[in-house]
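Scroll down for the structure; my scribbles are underneath it.
The values are calculated or read from the model by the stated rules, or taken from the named source; none is laboratory data. Treat the numbers as computed from the prediction; the structure is a model and nothing was measured. Quick reminder, even Gly has a Cβ in these numbers, built from the backbone with ideal geometry, and neighbours come from all protein chains shown. With ligands, DNA and RNA removed, areas are computed over all heavy atoms of the protein, side chains included. Shrake-Rupley method; radii C 1.70, N 1.55, O 1.52, S 1.80 Å.
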Amino acid sequence: MQSLRINFVAVRSPWRWLGLMFLLAALIVAACEGRAYVRSSRELAAWEKSWRDLKQSERKTTRPEANKVKAGDRDQLQAELKAANRAISHLSLPWDALFREIESTMSDQVTLLSIEPDTERKEIRITAEAKDFNGVTAYARQLAAIPLLQDVYVMNHQVQPQDPQRPVRFVAVAKWLMTPDIMGKR
């Protein structure tokens, strides 16, 4: 058996100094970039502060003028308020109750195509298709039986000749009784 020789002393490589030089260069670059970052952050903070100061001074100068409304602007503001009030009144109407009542009148004889409410005239226009004219009159009677509708009539009707079953497309019109002011009285 041959003896084993172990050398615990490392051999120095000439490349070791090159690695240390790269490490030193990376540390110097990182330090320079860190200084540039700190400088940029301070500059950004200064710009943000001047922007906030400018906005505050702008608010202070425009507030007194905000109370002075020109006549043209006042008319435009009133028109916008009317439109907003109209939209609020449209949204506060009892749409669910109306749709539930109309859907309850549906049968296999009639297909509902559209419902067009006209809230200003308090009128509703229902477009549908029936298998025959008897279905049209039966549906108009069912609509007239709905407590929310009054004065139901068939405004127009037309047989669809392009369809082989020749259904009757019609438009029924009715007065809509349920408005928010009537609901408040009930």
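Here are a few things to note about the model shown:
- When region 113-132 is filtered for residues that are open to solvent by 50 Å² or more (accessible area, probe 1.4 Å) and either more than 26 Å from the chain's Cα centre (by Cα) or of a type in the set (Lys, Arg) (or both), the ones remaining, listed by number, are ARG121, LYS122, ARG125, LYS131, ASP132.
- Within region 133-155, the set of residues being surrounded by fewer than 14 Cβ atoms within 10 Å (Cβ to Cβ) and within 10 Å of ALA174 (Cα to Cα) comprises GLN150, ASP151, TYR153, MET155.
- Residue within region 83-102 that is at pLDDT 80 or above, under 30 Å from GLU129 (Cβ atoms), open to solvent by 90 Å² or more (accessible area, probe 1.4 Å) and not in a helix (DSSP H, G or I) present: no
- Criterion violated by TRP17 - all others in (1) at pLDDT 90 or above; (2) open to solvent by 100 Å² or more (accessible area, probe 1.4 Å) satisfied: (1)
- Tally, over region 99-112, of residues that are without any contact (Cβ under 8 Å) to a residue 40 or more places away in the chain and under 28 Å from the mean Cα position of the chain (by Cα): 4
- GLU120 vs. criteria within 30 Å of ALA83 (Cβ to Cβ) and out of contact with any Lys or Arg (no Cβ under 9 Å at 6 or more places or on another chain): no
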